[in-house]
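Accompanying notes for the structure given below.
None of the figures in this text is laboratory data; all of them are computed from the coordinates on show. Note that the structure is a prediction, hence the values are computed from the model and not measured. As a convention, Cβ positions derive from the backbone with ideal geometry for all residues, glycine included, and neighbour counts pool all protein chains shown.
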Amino acid sequence: MSPTSYELAFSAFQSMTQPVLICDSANQIVMANYAAQSFFQTSENLLKRQKVDDHVAPSSPLLGLLAHVHERQAASSEHKIAIGNVNLPHERLVDVHVAPMGSDPNLVVVTLFERTMADKIDKQLTSQGAARQVSGLAAMLAHEIKNPLSGIKGAAQLLEQSASDDDRPLARLVQQEVERIVKLVDRMEVFGDERHPELSSINIHAVLNHVLLLAENGFAKGLTIEKQFDPSLPPVLGNWDQLVQVYLNLVKNAAEAVKGEAGSKIKISTAYRPGIRVGVSGTRERLSLPLEITVEDNGPGIDPEMLPHIFEPFVTSKKTGGGLGLAMVAKLIRGQGGIVDVDYVGDRTIFKTLLPMAKATKSNHKEDALNE
């Protein structure tokens, strides 16, 4: 028996990838598709007991938009509206399109278009020019700072030889501080390197297994690390050494976050997702980013006020951290045409990277060695 028009319409409604709500003239939610239930992290039965007002601020332009559409019986849209409820750890920005339902003038269809990833991509792409200027300044300063530091260290070594027993520790302290500054400057010099990395077809699971081998025999020894890999994942277009550095930094961050925490766990997963098309730095080519790699932990999390700036240099919550690890991750991922993001959901901190796909040709020798 062929499906009725209602069944087809209902199936199409539930199949939509965007969150869709049907609301009455009192803003009561009458119906919510699967995407909306996932977006609000609430079942349809619970959503139907709520109003749109429960998910926005009293001054939200969405409420005015709904009233306008009910009054004019004409579709309209609003951009960058904050949506949130008790189940969402952070407010989420959306574009909203509201249209009257022709079959019932008391009902409207509310479609949400989440802006989070698009905004983050825009921010990363538009900030590249400023980042290059800062990188050039950092490289120049690094070169200029190292010269006087060498002189200071040499002078301190000479002073140590002729200093009294009481003053000798101070001379050594000067040398130690100079060495510490030189190490910091060396790390800053990396940000001034704007050469495009050599990209090739790489098995991302070989990279991750290599990183886990290093982690489990070093800084993550004794910690529980769970792997959830998609074995059908196609090769990544990337640079082996830089990808190892990226995921080594992310796993090290996770290990430091859960160290000493009861029931601590780190999870690394890979998945194939519908990609977002972006331009690759230094080329005219546009690539989709369907390969998702996540590193998550159940540590104490990140200060919400710090989240928007977590990939900026010198931003850190660690007492002994320099705040360059995640900034380096962002630079390396961006240089390979990818995107990096962070979120805090429930008790989990999730670092997500989206990378371009490459057609497999010849296996990388390092991959072959690991897979044998």
request  = Using only alpha carbon pairs under 8 Å that are at least six residues apart, calculate the relative contact order of region 1-87 and give it in whole percent.
outcome  = 22
Cα pair distances exceeding 18 angstrom across region 5-114, given as percent = 45
message = Using 28 Å as the Cα-Cα cut-off, could you pick out the over-long pairs in K48/K265; K183/K265; K80/K352; K48/K80; K146/K259; K267/K331?
response = K48/K265; K183/K265; K146/K259
ask   = Short version: ³J(HN,Hα) in whole Hz for each residue of region 152-157, in order, from phi by Karplus 6.51 cos²θ - 1.76 cosθ + 1.60 (θ = phi - 60°), x for Gly and Pro, what are they?
value = 5, 5, x, 5, 5, 5
key: Relative contact order [Cα under 8 Å, 6+ residues apart], region 19-59, whole percent   = 37
ask   = Taking every eigenvalue of the Cα gyration tensor of region 1-57, multiplying by 5 and rooting it, what semi-axes result, largest first, whole Å?
value = 23, 13, 9
ask   = Going by how many other Cβ atoms sit within 10 Å of their own, how do V174, V246, V258, V207 line up, fewest first?
value = V174, V258, V207, V246
ask   = Under unit Cβ charges (Lys, Arg +1; Asp, Glu -1), what dipole magnitude, rounded to 20 debye, does region 5-114 have relative to its Cα centre?
value = 100
query = What spacing in nm lies between the two simple spin-label points modelled at N217 and A75, each 7 Å away from Cα in the Cβ direction?
reply = 6.0
ask   = For the pair D166 and D104, how long in nm is the line joining their label points, each one 7 Å along Cα→Cβ?
value = 9.0
